[in-house]
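Read the figures in this text as sums done on the coordinates, not as results from a lab. Because the structure is predicted, anything quoted here is derived from the model rather than measured. Using ideal geometry, Cβ is built from the backbone for each residue, glycine included, and neighbour counts are taken over all protein chains shown.
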Amino acid sequence: MTSPLGVYVHWPFCKSKCPYCDFNSHVRDGIDQARWRNALLRELEHAAREAPDRRVETMFFGGGTPSLMEPETVAAIIAHTRVLWDTADDLEITLEANPTSVEAGRFAALSDAGVNRASLGVQALDAASLRFLGREHSADEAIEAIATARRHFARHSFDLIYARPGQTSETWAAELERALGLAGEHLSLYQLAIERGTRFFADHARGVFTLPSEDQAAAMFELTQARLTEAGLPAYEISNHARPGAACRHNLIYWRYQDYVGVGPGAHGRFAEGAVKRATRRASGPEAWLELVERDGHGTAETSLVTGQDMVEEALMMGLRLADGIDRALFASLTGADPVAAVGERKLAPLVAAGYLEVDANHLVATPAGRQRLNAVLERLIA
């Protein structure tokens, strides 16, 4: 038996930097695609040596904007993955894309390259919000890109951001209805977060814009959960909704604390090494990473072992995001500890009594109320 594995590939380049984005993304005037393709393939070989004897079940091309990759590069990475590891017959291969008309024009070639699931960064469906969010596409382009994705990929999803300045539950409800008319099997719906280091962080601090209140944002969250459940796309994770069986399998690997390797600038990996986890992080700067790979065969900036209580805490933080919660047997097989015993009755009892957690013989689950305020729940569990 070989252990299941996810492969994450990071493409760090974008046409422009969105003001809310704190991801490892960069704008460059020119990119040597052949040089980058060779480096990604070389680090992929290193990742196969780090985590050998596995069965790759999912691949995820993230960024940045991986739809700016040449389809030949995507095809080469997929083909080399199949050479380096055993791969599942139903290998899920997701690629994130911006819904501009230029990038949608690559969807047919990306499908031919082997991508079978597209995730589109739509973010909003009205012109003013798209301008505020720094997006380069129009609402009409986004709608056309969704239709194009539907034609070329077996599965597709798109993202929206809510709790934007000036937004109310009524305007968000109307946007949700429009989104449901466009949606397939999956939607990702994120509350706008102001992250340190972004342009929005500085603008918000200077009072350039204000966000809806916590109560207004909570009302939008609750509206989202109820309406998507009614539409047959219940939340399977705090921000992700899908029809039964249509969850993103790659992201489930993260939330279930299973194994994955990361390739490309800033990519992280977590994979079992005996009874512990090996954690890896590649160098973040694109040029620094490229030089390291060409010199050493990989761009690893940091590697460490995650053991004992640290494994338990990481697995708790990820698993309680899921609507199904933590499978106690799977958790124990990955961390060596039962989650309920590891947390202890003293910490669990008040959270169960308050209606934020539920425990049975097989699962530890954050209730809808618990998932809505998960950071506070986790502070009490792992303090």
Check your understanding: Are there cysteines in the chain with no second cysteine's Cβ under 4.7 Å away, and if so, which?
Key -> Cys14, Cys248
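Please report the antiparallel percentage of DSSP beta bridges with both residues in the chain, rounded to the nearest 5. If you can, show how the numbers build up before the last one.
Working: 24 of 59 bridges.
In the chain, DSSP labels about 40 percent of beta bridges as antiparallel.
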**Study point:** Selected from Arg135, Arg117, Arg28 as most flexible by GNM, with the chain as the system and alpha-carbon contacts under 10 Å
**Key:** Arg28
Check your understanding: If contacts are Cα pairs under 8 angstrom and at least 6 residues apart, what is the relative contact order of the range 202-247 in percent?
Key -> 18 percent
**Study point:** Fluctuation leader among Ala235, Ala202, Ala76 - the chain, Gaussian network, Cα springs under 10 angstrom
**Key:** Ala202
Practice item. Identify all lysines with a Cα-Cα distance to Lys277 below 28 Å; exclude those on the same chain that are fewer than 8 residues away in sequence. Key: Lys347
Check your understanding: With springs only between Cα atoms under 10 Å, which of Thr303, Thr171, Thr335 fluctuates most in a Gaussian network model of the chain?
Key -> Thr171
Review point. Per 5 Å bin from zero, what fraction in whole % of the C-alpha pairs of the range 321-382 is there, up to the bin with the longest pair?
Key: 4, 19, 31, 28, 14, 3
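Over the range 3-254, what is the relative contact order in whole percent, taking alpha-carbon pairs under 8 Å and six or more residues apart?
Working: 416 pairs, mean separation 44.6, N = 252.
Relative contact order comes out at 18 percent.
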Practice item. Would you kindly calculate the translational diffusion coefficient of the chain, applying Stokes-Einstein with the Kirkwood radius from alpha carbon pairs, for 25 °C and a viscosity of 0.890 mPa s, and quote it in µm² s⁻¹ without decimals? Key: 112 µm²/s
